[in-house]
Amino acid sequence: MSHVLIVEDEPAIAESLSFALRRDGFTVDVAGCLSEAEDKIGRADLMLLDLMLPDGSGFDLIVRTRRRSSRPAIIVLSSRDDEADRVAALETGSDDYVTKPFSPREVVARVRAVLRRAQPPADATPLPEPVSPFPISVDSTTRRALVAGRLLELTRVEFDLLACLVEDPGRVYTRAQLIDRVWGDGFAITDRTVDSHVKGLRKKVLEAGGDPNLIETVRGVGYRMAAGEPAEAEAE
């Protein structure tokens with residue numbers, strides 16, 4: 001059974017989440033600050049993370065977590081509902097963002113959805129490698145993506161976006177189609193969230209030595225993986 005780490009300094013919130021998760025079959029650890037979370041994160045499959053903690057910002061923990069060899073999924077819990085905060089959390093590496101107040105049942109549903117995205121179906125057929133005429137390859141069984149032979153360090157959402165785009169180069173996916181494929185039902189995901197993840201994906205492709213313009217913007221519609229010589233990227 002999956003192990004969830006709750007990083008939350010408000011005891012009532014931590015207790016209600018812990019009860020709901022345990023009732024649903026998860027094993028749970030609770031940390032009230034960043035330093036305590038650092039000691040417990042190694043065994044977590046997913047972390048529920050408050051951004052405002054007594055000894056620092058949850059953003060710092062996201063960054064440090066994404067540098068680890070073991071990278072749990074991250075769902076941010078925050079009382080801040082500004083778009084800038086949502087985008088910052090997603091671009092930093094979180095997999096989802098939930099604003100307070102929230103229903104523990106909703107959080108449990110989101111935990112299950114994020115963990116489900118992280119695990120390929122038992123009968124999943126690996127995508128061919130390479131999957132396009134360009135040096136980007138994706139293996140859905142190991143959840144590894146390579147560009148020019150170099151491993152891409154992707155978040156779960158970034159991997160799923162890339163896997164969707166490379167399976168049919170040249171096909172245009174609307175933002176709504178990408179939301180349905182990557183997040184599924186039950187998530188209040190905006191077009192801006194999709195754009196933010198694509199921006200992060202392009203940046204990582206570039207850092208790995210690939211051409212970020214392979215992921216093309218189709219103005220007013222969505223995105224596609226270039227099927228020929230990539231065009232210059234348009235401003236978002």
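Shown for 165, 115: other C-beta atoms within 10 Å of each C-beta, ranked fewest to most, produce the order 115, 165.
On full extension, the segment bounded by residue 63 and residue 91 gains 9.1 nm, given 0.36 nm per residue less the C-alpha separation. Extension gain, residue 79 to residue 1: 0.36 nm times the residue separation minus the Cα-Cα distance gives 25.2 nm. Taking 0.36 nm per residue of separation and subtracting the current Cα-Cα distance, fully stretching the chain between residue 10 and residue 206 would add 66.5 nm.
With 10 angstrom as the radius, rank 3, 197 by how many other C-beta atoms surround their C-beta, starting from the fewest.
3, 197
Here residue 112 and residue 35 are evaluated by their C-beta separation; at R0 = 30 Å the FRET efficiency comes out at 0.55.
Every number here is computed from the coordinates shown, using simple stated rules; none is lab data. What you see is a predicted model; the values in this text were computed from it and never measured. Glycine gets a Cβ as well: all are built from the backbone with ideal geometry, and neighbour counts include every protein chain shown.
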